[in-house]
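Coordinate-derived values only; no laboratory data. Only a predicted model underlies this, so the values are computations on that prediction, with no experimental measurement involved. Ideal geometry is used to build each Cβ from the backbone, glycine not excepted, and the neighbour counts take in all protein chains shown.
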Amino acid sequence: MENFKQRVKQAKEVIKNSEYILIGGGSGLSSAAGLTYTGKRFEENFSDFIEKYGITDMYAGTFYPFKTDEELWAHWARHIDVNRYQMPVTDLYKEILRLVKDKKYFVISTNVESQFVKSGFPKEKVFEVQGDYSYLQCARACHDKLYYNEKLIKEMVLKTKNCKIPFELIPKCPVCGGKMDVNLRHNDYFVQDEAWYKADKNYDEFLNKVGNKNIVLLEFGVGFNTPGIIRYPFEKMTYSNKNATLIRFNRDYPLVMKENEEKSISFDEDIMQVIQYLLDKKDCNESFV
């Protein structure tokens, strides 16, 4: 893409003059922040699973047809621990907070590592639509309570041997006695608990306050895996509100629909570096690296 300096200047201006900011976070944002599911990070943390099962990356591993629950939960525990508990607060999420902290803002995210909240975004301003790695639920959704899993996950990881956990650590639903699952929207049994509905309500209330007022929609790393949650609604809001500007950060899919081209700014450059320019931590007269 061309005219980087011009795009940065324009983005700075619309953010400065905005009354509201809506942030949309997708998987590309977490990847840009360092939560990569392939390469060295995957190989260092899952070498035993790679050797035994031929798993090719962390995402593919979550769909692997393990033959026993001992194997399944050994893998899930490692995956959750690496991405939710071991992963520290990332600089990119903290910089995004610095960018919007003085504005009226809200966050909707399809990511499940809870980096927004860990980075300091108030929980009441964040809607994690697809779930959170730190909670378990009944696999058949027999009730709508979620269970914080850090202690259990850490014990599973500690006691994993030959890619298996002890049988007695396999979680069972305290209500129906059936299997448990991670609270992720990957089937028809995803549990939306009271906190989920509260976050959904907070999101609706934010949008109602905005109405047709001046708003900037900051969309980070949202592709076409689940475009109906963030990407398409952001396009629709931009089109419907004459005072809206969409700023799309996307390495692979930066283009916007034709009707919004005059109201949008797109970046396919490194998100962290662009944010540094927007925060005036880098001089835009310098060459972009």
Open item on the list: Quick check for you: which residues of the range 158-178 have the amide N under 11 Å from the point 7 Å beyond the Cα of residue 51 toward its beta carbon?
Closed with: 162-163
Task: Out-of-range pairs (alpha-carbon distance over 18 Å; input 123/179; 125/282; 9/281; 9/263; 16/281) - done: 123/179; 125/282
Open item on the list: Would you report the distance distribution of C-alpha pairs in the range 54-109 as whole percents per 10 angstrom bin, up to the bin with the largest distance?
Closed with: 18, 33, 24, 18, 6, 0
TODO: Provide, for q = 0.07, 0.10 Å⁻¹, the log10 of I(q)/I(0) from a solvent-free Debye sum over equal Cα point scatterers in the chain.
DONE: -0.29, -0.59
Open item on the list: List the residues, sorted by chain then number, that are 5 or more residues from residue 179 or on another chain and whose placed amide H is less than 5 Å from its amide H.
Closed with: 139, 173
Open item on the list: Only counting other Cβ atoms within 10 Å, I'd like 62, 238 sorted with the fewest neighbours first.
Closed with: 62, 238
Open item on the list: What value in Å³ per residue do you get for the convex hull of the alpha-carbon atoms in the range 186-236?
Closed with: 104
Task: Coarse-grained scattering of the range 176-289 at q = 0.19 Å⁻¹, given as base-10 log I(q)/I(0) from a Debye sum over alpha-carbon atoms - done: -1.11
Open item on the list: What aspartates and glutamates does residue 159 reach when the alpha-carbon gap must be under 16 Å and sequence neighbours fewer than 8 apart in one chain are set aside?
Closed with: 48, 69, 70, 71, 81, 150, 168
- [ ] Starting from the amide H of residue 127, placed 1.01 Å from N in the peptide plane, find each other amide H under 5 Å away whose residue is 5 or more places distant or on another chain.
- [x] 107, 108, 109
Task: Between 0 and 90°, nearest 10: helix 69-80 axis offset from the chain longest Cα axis - done: 30
Open item on the list: Restricted to Cα positions, what overall size does the range 75-216 have along the principal axes? Three whole-Å values, descending.
Closed with: 56, 34, 20
TODO: Sort 268, 204 so that the residue with the fewest other Cβ atoms within 10 Å of its own Cβ comes first and the one with the most comes last.
DONE: 204, 268
Open item on the list: Could you derive backbone 3J(HN,Hα) for the range 267-279 from the dihedral phi with the Karplus parameters 6.51, -1.76 and 1.60 (θ = phi - 60°), listing whole Hz in sequence and x where the residue is Gly or Pro?
Closed with: 10, 10, 7, 4, 4, 4, 5, 5, 4, 4, 5, 5, 8
TODO: Search the structure for amide H atoms under 5 Å from the amide H of residue 217, placed 1.01 Å from N in the peptide plane, and list their residues when 5 or more places away or on another chain.
DONE: 22, 245, 246, 247
Task: Nearest-ten-degree value, helix 231-240 long axis tilted from longest Cα axis of the chain - done: 30
Task: Crossing angle, helix 91-100 versus the chain [Cα axis fit, 0-90 degrees, rounded to tens] - done: 40
Task: In sequence order, calculated HN-Hα J values of the range 181-192 (Karplus, 6.51, -1.76, 1.60; Hz; x Gly/Pro) - done: 9, 6, 6, 10, 7, 10, 7, 7, 9, 4, 8, 9
Open item on the list: Please report the antiparallel percentage of DSSP beta bridges with both residues in the chain, rounded to the nearest 5.
Closed with: 25
